[in-house]
1. Taking loop as defined by DSSP and a crowding limit of 15 other beta carbons within 10 Å, which GluC sites (Glu not before Pro) in the stretch 56-89 fit?
2. Starting from the Cα of Arg101, move 7 Å in the Cα-to-Cβ direction to define the label point; list residues of the stretch 174-210 whose amide nitrogen is under 14 Å from there.
3. How about the stretch 142-222: which chymotrypsin sites (Phe, Trp or Tyr not before Pro) there are in a DSSP loop, with at most 16 other Cβ atoms within 10 Å of their Cβ?
4. Determine the alpha carbon to alpha carbon distance for each of Lys43/Lys104; Lys111/Lys220; Lys142/Lys220; Lys55/Lys142 and list only those over 24 Å.
5. Okay, helix-only estimate at 222 nm for the chain: each DSSP H run of n ≥ 4 adds -39500 (n - 2.57), divide by all residues, round to 500 deg cm²/dmol; what do you get?
6. Which of the three applies to the stretch 123-178, rounded, prolate or oblate, going by the alpha-carbon gyration tensor with a ≥ b ≥ c and a/c under 1.5 meaning rounded?
7. Ranked highest first by the average count of other Cβ atoms within 10 Å around their residues, in what order do 24-36, 156-168 fall?
8. Would you mind classifying the stretch 18-82 by shape? Square roots of the alpha carbon gyration tensor eigenvalues, ordered a ≥ b ≥ c; an a/c under 1.5 is rounded, otherwise it is prolate if a/b is larger than b/c and oblate if not.
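Just so it is clear, none of the values below were taken in a lab; they were calculated from the coordinates. Predicted model only: the values in this text are computed from it and were never measured. Using ideal geometry, Cβ is built from the backbone for each residue, glycine included, and neighbour counts are taken over all protein chains shown.
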Amino acid sequence: MALELIIYDLDGTLLDAFGDIALCINEGLAACELPPYDVETVKTFVGHGVDVAIKKALAPHGLNHFDRVKGVMAECYESPEFQKGMCYPGVLHTLEAMRARGFKQVIITNKPQRIADQSCVRIGVTERVDLVVGAREGIELKPDAAMLEIVEREIGITRGSCVIVGDGDADGGLALASGIPFIACTWGTLSAEALAEFNPASTINSVEELQSALINLSEKMK
């Protein structure tokens, strides 16, 4: 089937939000008089939702502080002071170029829906995509297919006409389990070696390579 829909991850693929996430987690830890983490360490926590990230951050200390850290982190997420991450260079141009070629584009992220919406508006992505699906109450997160099913219902395109673009194991896992081609991005959380586990259609090292990778895949799927 021909390629009709491009599904992007958000954090680590389109948006460099790791500094923001680190600030929010560290504010929560500070409220509990626990030591902070550097950004590179926080990168290893993200990808599977807020709860998992907090549990990983608290692993050396126990989970007694979970509710407090989550509450402070949620407050930080809502504050403009903690929302400074920007698109990776070339992202907006690529979204515009693929939209001009007639492709539908959506974002599936394990970031909470409200925060995902705020982030996409702030960085100028919202007007360039057709749908943003974030973490919602009662919906399983990636790599579960529940978010993909929302996209299929709302956009009206089946997974046989999709590609997933992402940087993490949740993205690769969703693609592999759903039989969807996967374009692996190495500038986010995982290396090319780690992403190879998910049998990507292509592995790219910069946003500048993304448009060509998508066009090449589209030609192969015709």
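1. Sparse-neighbourhood loop GluC sites (Glu not before Pro): Glu78.
2. From the stretch 174-210, the list is 183, 202, 208-210.
3. In loop regions of the stretch 142-222 (DSSP not H, G, I, E or B), the sparsely surrounded chymotrypsin sites (Phe, Trp or Tyr not before Pro) are Trp187.
4. Too far apart for the 24 Å limit: Lys43/Lys104; Lys111/Lys220; Lys142/Lys220.
5. Roughly -12500 deg cm²/dmol at 222 nm, from the helical runs in the chain.
6. Rounded, since a/c falls under 1.5.
7. 156-168, 24-36
8. Rounded shape, in that the Cα axes give a/c under 1.5.
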